[in-house]
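The values are calculated or read from the model by the stated rules, or taken from the named source; none is laboratory data. Only a predicted model underlies this, so the values are computations on that prediction, with no experimental measurement involved. FYI the Cβ positions are ideal-geometry reconstructions off the backbone, even for glycines, and counts take in every protein chain you see.
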Amino acid sequence: MNFLKSFIVLTFMVILTSCGSKTEEVAKPAYQSFEMQGKDTINKVDLKGLKQGQWFFYANKDKKSKDPKPPKLLVSGSYEDDKREGIWYYYSAETGTVTDTVFYQNDFPQDK
């Protein structure tokens, strides 16, 4: 009987220690700031303060504004380590149509 009690106590102790609190690593955020556009993350600034990924610049965009009209898109493009990369689109503030496109490499415009 003594053996059975010892076995039960030992088994219970093993179960308790194996189910003890485990320390899980909490994922650190990859960006210090960003915005959501639909389900996409835009206008990201990484932990070093560098712009990354797709960016959109608007005319008269103010989060506190009660103006029912949506802000007008002026410029869109991608950043890589705070430098413009790839095709950037420039839009008319009046019509919203693309007025110019510029290809950037390492933040410098390239010849067409």
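Structure notes:
- Residue list for the range 87-112, restricted to those being outside any strand (DSSP E or B) and either within 25 Å of the chain's Cα centre (by Cα) or of a type in the set (D, E, K, R) (or both): 94, 106, 107, 111, 112
- Some residue of the range 50-57 being in a strand (DSSP E or B) and either in contact with a Gly (Cβ under 7 Å, 6 or more places away or on another chain) or at pLDDT 95 or above (or both): yes
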